[in-house]
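Below: one structure, written as structure tokens.
The values are calculated or read from the model by the stated rules, or taken from the named source; none is laboratory data. Since the structure is predicted, the reported quantities are computational estimates derived from the model, not experimental observations. Cβ placement follows ideal geometry from the backbone for every residue including glycine, while neighbour counts extend to all protein chains displayed. To get the accessible areas, we keep the full protein, side chains included, count just its heavy atoms, and leave off ligands, DNA and RNA. Shrake-Rupley method; radii C 1.70, N 1.55, O 1.52, S 1.80 Å.
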Amino acid sequence: MKVDHDYLFKLNNVLEKVRQAQLGLDKESRVEYRNMEIAIKEKIKEVNKLLKKASVEIVI
């Protein structure tokens, strides 16, 4: 899986949009957005790990 910094940037933008979309919603509606936020954060962590691993491989 090819991962680059643009993808990470896009994920962070989507995360911010999800956070903004939650504002003004009732508690029940926020649950779905909260689940999306959690999934996006997990994906960001995964991408960061892949980027870090790639940079270590380049050094070696």
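Measuring r between the beta carbons of ASP4 and ILE38 and using R0 = 22 Å, the FRET efficiency lands at 0.40. Heavy-atom surface analysis with a 1.4 Å probe gives the chain a carbon and sulfur content of 57 percent of its accessible area.
For the chain, the longest principal axis of the Cα atoms and the long axis of helix 27-59 meet at an angle of about 10 degrees.
Of all aspartates and glutamates in the structure, the ones whose alpha carbon falls short of 17 Å from that of LYS41, not counting any fewer than 8 places away in one chain, are ASP4, ASP6, GLU16, GLU32. The mean accessible area for residues of the chain, using a 1.4 Å probe and ignoring ligands and nucleic acids, is 85 Å² per residue. Between 0 and 90 degrees, the angle of helix 5-22 with respect to the longest Cα principal axis of the chain falls at about 10 degrees.
The structure-derived value of Cα Rg over 2.2 N^0.38 Å appears in the list (1) 1.05; (2) 1.41; (3) 1.46 under the label (2).
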